[in-house]
Each structure stands twice: as C-alpha cells, then as structure tokens.
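Right, one structure below, let's go through it.
The values are calculated or read from the model by the stated rules, or taken from the named source; none is laboratory data. None of the values given here were measured: they were computed from a predicted structure. Every residue, glycine among them, receives a Cβ derived from its backbone with ideal geometry; neighbour counts consider all protein chains shown. Heads up: the accessible areas ignore ligands, DNA and RNA and are worked out on the full protein's heavy atoms, side chains in. Shrake-Rupley method; radii C 1.70, N 1.55, O 1.52, S 1.80 Å.
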Amino acid sequence: MKVVSNEEWVEQQFGTCDLGDVRRTKRLRKVAKQMLDSPEKSLPEQNTGWADLKAAYRLFDSPNVIFEAVAQPHWTQTRQTKPGRYLLISDTTDIDHFSHKGTTGLGMLGSGVGRGMQLHNCLMYDCNQKQIRGAAGALLQYRRFNDKKETRMQRLARRRESDIWGELVDQVGPAPEGSTWIHVFDRGGDNFEAMCHIRLTGCEWVIRASKLNRKVTTQDKHKISLKDAIKDAKLLGSYELNLRSRPGVAARTAKIEVSAMSVSFERPVHSSKRVKECGIKQLESSVVVVQEVDAPPGVTPICWVLLASSPVKTFADAWQVIEDYENRWLVEEYHKVLKTGCSIEVHALRKAERLEPLIALISVIGIRLFQLKLIGRNQPDAKAATHVPTSWLRCLK
C-alpha cells in the first residue's frame, strides 16, 4: 500500500464532492487538509486565521453540505474492489455531546441522560492484503423516547433502531464481479430482517448470535430453540487460546472446542412490512459453536455462537468463520481513532445538522490515520521510502 502525501490524499477523497458550488468543495479540501495536519484539535485550533474559521463555520452551515455529500466519494472509491475476499464490519458508536448544552437537535443516549447521536459505520477490510480499504458506508441515527405501552404490532409498524443494520447493508449494495463481501456483525445485528437484506444483495454474513431462544429447524426437521439445537452440533476440532489477565480473573490458557451444524431460520410470525414484502420465508445458515471446556472454577467460560451463510463442513471452514469474526475488533479500534485521535466529541456547533457533515469529514480523516497504524503493524519489514511521503522522512531526519 503506497501512502501518498496529505495533499494528494485530500484531493483523492474530497476533490469530487458535489456541494452545489466548486468554492465549497475547495473550502472543504482546505478544512480537511488542516484537520489532517492536527486531527486531535478543535476547529478554531485547526483554522487559526479568523477568515478561515468563519469560512469553515459557513461551510458546515450550508444546506448543500450534508453528511452523505461529504463522505460519498470516499464510500464509492472503497466499494470499487478488485477480485478477492473482503469483510464489511459494521457497528454503532455513540457520539456524546452531553457537555455541549447549546447544541440543539440532538437525540438521547443510553437511558436518556446523555445527548448526542449514533454513528453506524461499515468498515471494509481486505483479507488478502490485511489492510483497511476504507469505510463502505455510514448512517447517523438520533434516538428518541418511545411509548412503553405500544403493542408489538405498533412497534413493528414504525421504524426501529435495529433497522439501521439492514439500511446500511442496502446503502453499501452488492459486490462487484469477482469480489466476495462478507458482512460481519456483533450481536446487535442478529435479526432475521438484517439477514434478508444481506441475502438480497448477494453478499455473505458472519453474525454472532444473541437470540438463542429463537426457534430453528434442524436438518432432521425438528423445530427447537437454537440453544437446544447446538447441543447436537458436530465436534470438528479444538485449539488453545492464551488469555491475558483481567480484573478479578487470572491469565490462563483456555481449551476451546469447535462444533458446527446447519439450521433453517423461519420468518417470524410477527414481522415488519419490509420482511413480508421481500419474499424470503426461510434462511439457511451454518452455526459455529466456539466453547471453552474445563474452565477454572468461578470463571465464565468463553462461548461464541456464530451464524455463517457459507457451508461449514470441516475444521478449516469453521476456523475461517472464527477468524472473520475475530477481525470485528477492527471497527472498535476505528471508533477509538475517531474519539481519541480525532476528538470527534470535542467539536461543538450550534445545531445537530451542522455537526453531521463535520462528522462525515472526521470519519474519513479517521480512516487515513487507521490505515497508517495497520501498515506499521502488518508490514513491519516494509521500507519507509516506499510507504511514507518523502517530506515526512525529511522531517524525521
């Protein structure tokens, strides 16, 4: 992966943004360049000239400068993959602006005490190069209080927070010819509707199961809960995992057994209108069970139940599913880059809609920082001259 200079990179990512006026696009590039030079600072610290700061505020106040318009060129470039295998790792992070009392239009966070918005990202990981290609898409969500007395049918009729998983799958779309895209979700994305969206786009999935009490149909046509079904999963192999110490838990070497089976998920009786209209009544899925055995007394044993759209017949097949899910932590690191490296929660503007394009800009800047981090980790023997702009090397010398 050749690392270009900041100026070239900014031009690649934001040069084709359609903001209604070429002057706005030019200003966006300048703001992006100054942000990339000092990503951890606030807008006034990045734009030290009063004229530049006022221009930046006017930019984010423009009705043409919206979240999608700022990030779309980057998303489009990321999705143009060459033949190969790619993980689409999605997760949600809270952007807390509780301390910014003057900002209007924010939603609730947590139990309702916090104020801010949720950023739902889809990070694309190249399995062959072991590098982050970029963000394939993202959505913002504002949480609101819902009536606790509403019925299940009323809840299914309105938009729910869990819908964001399927909506982001639709935004990302299908893979180019020759590319295999696998959506990787944590337990928050474990729902029949999200899997329907993935199936309709022709992609694959690896999802950690959260609803073990749901009914599934086994290969011998028995309808039982997933929790009971996995008891009969076929043992494929085992391995050892070295675990670091945690508060109250000593370091240990855990013995892990890997089992697998195939099940069918039936469309829930009470489904949303979207699920009923898509025409999918049943989804076939492999189930990989990663279970620690002989755990020390008083220690909660490791147990992952992973759902995979691809067949799992051998230990190698199961290991691939486990490896794909283990890469899910990358999106957590990316969110840490946004919050710690880019100070995304420090920036304050008067309205939430002004914050949205700023967050889009920061989310793309964060990709740049995260890519540099992984190059150093995954290619320790690479020559700096082939990966780092010449100006950086001169500064170091």
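Points to keep in mind about this one:
- Measuring nothing but protein heavy atoms, the accessible surface of the range 1-120 at 1.4 Å probe radius is 52 percent carbon and sulfur.
- Whether the chain is rounded, prolate or oblate, judged on the alpha carbon gyration tensor where a/c under 1.5 counts as rounded: prolate
- The longest part of the chain holding none of the exposed loop GluC sites (Glu not before Pro), meaning those outside H, G, I, E and B in DSSP with at most 15 other Cβ atoms within 10 Å, is 178-397.
- Sulfur and carbon atoms: percent of accessible area, the range 232-371 [1.4 Å]: 50 percent
- Taking 0.36 nm per residue of sequence separation and removing the Cα-Cα distance, the residue 54/residue 177 pair yields an extension gain of 39.7 nm.
- Full extension of the chain segment joining residue 397 with residue 348 gains 13.9 nm, where the gain is 0.36 nm per residue of separation less the Cα-Cα distance.
- Look at the Cα gyration tensor of the range 1-138: its axes a ≥ b ≥ c give a/c of at least 1.5 with a/b at or below b/c, and that counts as oblate.
- Efficiency of FRET from Cβ geometry, residue 281 and residue 5, R₀ 51 Å, rounded to 0.05: 0.45
- For the chain, the solvent-accessible area of protein heavy atoms averages 51 Å² per residue (probe radius 1.4 Å; ligands and nucleic acids excluded).
- For the pair the range 230-287 / the range 315-349, the C-alpha centres are spaced 20 Å from each other.
- Every helix of 4 or more DSSP H residues in the chain counts as -39500 (n - 2.57), and over all residues that averages to -11000 deg cm²/dmol at 222 nm.
- Checked against a 30 Å cut-off, the cross-linked pairs 130/339; 221/273; 54/397; 276/339; 211/373 give Cα-Cα distances beyond that limit for 54/397; 276/339; 211/373.
- Fully extended contour minus Cα-Cα distance, from residue 68 to residue 299, at 0.36 nm per residue: 78.6 nm
- With loop membership from DSSP and a limit of 15 other Cβ atoms within 10 Å, the longest segment of the chain without chymotrypsin sites (Phe, Trp or Tyr not before Pro) is 146-397.
- In this structure, residue 61 and residue 255 have a Cβ-Cβ separation that, at R0 = 56 Å, corresponds to a calculated FRET efficiency of about 0.45.
- On the beta carbon distance between residue 219 and residue 33, with R0 = 56 Å, the FRET formula returns roughly 0.45.
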